[in-house]
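Heads up, the thing below is written out as structure tokens.
The values are calculated or read from the model by the stated rules, or taken from the named source; none is laboratory data. Everything numeric here is computed off the predicted structure, so don't read it as measured data. For neighbour counting, all protein chains shown are included, and Cβ atoms are generated from backbone atoms with ideal geometry for every residue, glycine included.
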Amino acid sequence: MYSKTHLKNAIRLAELALAPFLLISAALSAQTTSQTVDAIEHFEQDAPIPQPVPGVPNLMRLEGIDAESGIHYVRLLLSLPAGADASTAAPPPRFTIECQENNGKRDLWWFASFGGVTDSAFVPPFHATKKMPNAPKYPNVNIKMTFEGYIKWKPFIKGWAVLRSGELKYQNPGMGSPNMESPRYFMQYLNSLPGLRLSYAKPAGGNPPEVFFQAQPILDEMKKTPACGP
């Protein structure tokens, strides 16, 4: 049997032996944290900032080329008018059409917010890494889409993904998507009936009310943007 003194001495020797390794680990951790912060700050400094479209209230344009994927993107963000006290109010509802162009191929993506979403940055396509081999999965919600103009078209109910930011993203056709039609299919309705009404297909307590966007400003800006062409 070892005495308490022997045990204390053994523990002290072990602590002394491990001390250099603990110092190295702490230094590496601090270096990694510093590098991560630097990378985030560098990204934030280089990230494009949405710019107002001249003469078009509540419409912003965000354009850039993603360094990793090489995608040329144009995001057109149409917000509902802000409240009387815009300095303290939450961000208003927003409808976004994102145009992508890469190696001659063009894609459209639709996003929507019922309010409260601040993030407007472009998110590049997922690429697997050792740390994240699988694409993130987002919950699906069914949204009722009604196109209105000189007539009111029968509503479509389609699946939208709920992103971490709270913004909704229309799920383009593909593996795991509940939708068969792409946003480009719905552009024919939006061009003819530029009023877009969005609401939850199954309203529940806590869900925001429906929102209505007069999308003509986005349509006009798309006509001036080659990346948004067919």
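Miscellaneous remarks
- Going through (1) on the phi > 0 side of the Ramachandran plot; (2) loosely packed, with under 14 Cβ neighbours inside 10 Å one by one, G115 falls short only on (2).
- Complete set of residues in segment 145-159 that are more than 17 Å from M187 (Cβ to Cβ) and assigned to a strand (DSSP E or B): K152, I157, G159
- Which numbered condition G159 fails, given (1) under 26 Å from A67 (Cβ atoms); (2) out of contact with any His (no Cβ under 9 Å at 6 or more places or on another chain): (1)
- With respect to the conditions (1) modelled with pLDDT under 95; (2) within 30 Å of E68 (Cα to Cα); (3) surrounded by 12 or more Cβ atoms within 10 Å (Cβ to Cβ), G174 falls short on a single one, namely (3).
- In the set N191, N179, only one residue is touching a Lys or Arg at 6+ places or on another chain (Cβ under 7 Å) and not in a strand (DSSP E or B); that residue is N179.
- Test: residue in segment 213-221 that is outside any loop (DSSP other than H, G, I, E, B) and closer than 14 Å to M145 by Cβ: yes
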